[in-house]
1. Could you point to the residue in G160, F170, Y204 farthest towards the positive end of the range 127-227's charge dipole, with +1 and -1 charges on the Cβ of Lys/Arg and Asp/Glu respectively?
2. Mind jotting down the distance between the C-alpha centroids of the range 126-142 and the range 65-118, whole Å?
3. Using amide H atoms built in the peptide plane, which far-off residues or other-chain residues are under 5 Å from G160 H to H?
4. Rounded to whole Å and sorted largest first, list the principal axis extents of the Cα atoms in the range 1-146.
5. When the C-alpha atoms of the range 71-219 are aligned to their principal axes, what extent does each axis show, in angstrom, from largest down?
6. Do any chymotrypsin sites (Phe, Trp or Tyr not before Pro) in the range 170-213 lie in a loop, going by DSSP, with at most 11 other beta-carbon atoms within 10 Å of their beta carbon, and if so which?
7. Give, in whole angstrom and from largest to smallest, the semi-axes √(5λ) of the equivalent ellipsoid of the range 34-78, with λ running over the eigenvalues of the Cα gyration tensor.
8. Enumerate the calculated ³J(HN,Hα) couplings along the range 204-209 in order (Karplus 6.51 cos²θ - 1.76 cosθ + 1.60, θ = phi - 60°), each rounded to whole Hz, writing x wherever the residue is Gly or Pro.
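The values are calculated or read from the model by the stated rules, or taken from the named source; none is laboratory data. Because the structure is a prediction, the values reported are computed rather than measured. Counting neighbours? That spans all protein chains shown, and the Cβs are built from the backbone with ideal geometry, glycine included. Keep in mind that these areas ignore ligands, DNA and RNA; they rest on the heavy atoms of the full protein, side chains included. Shrake-Rupley method; radii C 1.70, N 1.55, O 1.52, S 1.80 Å.
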Amino acid sequence: MAHQLIETMRPREHRFRLPMAVTAATILYSIAMPDSKAGHLFSIMFVAASVVLALHAAEMMASRRHLAIGIMLFAALLSSYGSAVDSAEWVRGLGQLLAAAPMLWAALMVVLWISRQRIITLEAVVAGILVYMLIALAFAGFYGAMADIAPDPLFCGVNGDGDPSDRTYFSLVTITTTGYGDFVACLRIGRAVAVSEAVFGQIYLVTIISLLVGNMGRVRRIPNGNDPEGEGGKGDAGGGDPGSGSDGPEPDVADEDSLDRAASPPDRTG
């Protein structure tokens, strides 16, 4: 029964649109949420849902998704304890730092899923955007940890450490290199992290996302002949349009298809 349940939960088609929509809603809610314990709890629940959906779409095993949920729950307990007990802000900071780990893990798993795709589709582009948003949420957790652990204020002027809404807003403004200037990091480590996030955000958009969009529909050459879909050269040797490989606009794709057909066993059929 448990095995059948796991099989029904395994994605038959990779759909990253729902995880991306939930992650976008999480970011908007985290920025607009009230500064209250209930608001923080709902924010953690939204983040956990985003992480689990991303791992599910990336074909992560159910046991590892459960591990991510456990880490998020433990981080929520630490954050709640740090908020309820005086002089325990550092515990809350550890909770926020711990909560950032599953976000980075989910982003890495989605990147690995993209790297295994032989054809760049719209889902791969959506997955790339999802990675961008998960990284922004993870950086917001880093800022929260610095605000709670460091003795000096995170932001300059009257902003002080800000609240979780301010730090999520600062992370999005930084990763998109918008730079309104209403929040400025004063901690040295805060400045270093903010600069790293800004550089990452700029490079990621102009390289990774641009490459994914520019190569939509093209067939990638997988090293060592590894085919992530488990088809090998079967699709090329079997059904389909026999002239599609030679009539395409990219001659290098046709050459690769010809090599795949030539390397396939003679008795292999579609």
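1. Toward the positive end, the furthest listed residue is Y204.
2. Using only Cα atoms, the two centres lie 13 Å from each other.
3. For G160, whose amide H was placed from the backbone, the distant partners under 5 Å are F155.
4. 53, 35, 22
5. 57, 34, 20
6. Y180
7. Result for the range 34-78: semi-axes of 23, 12, 4 Å.
8. 4, 5, 7, 10, 5, 5
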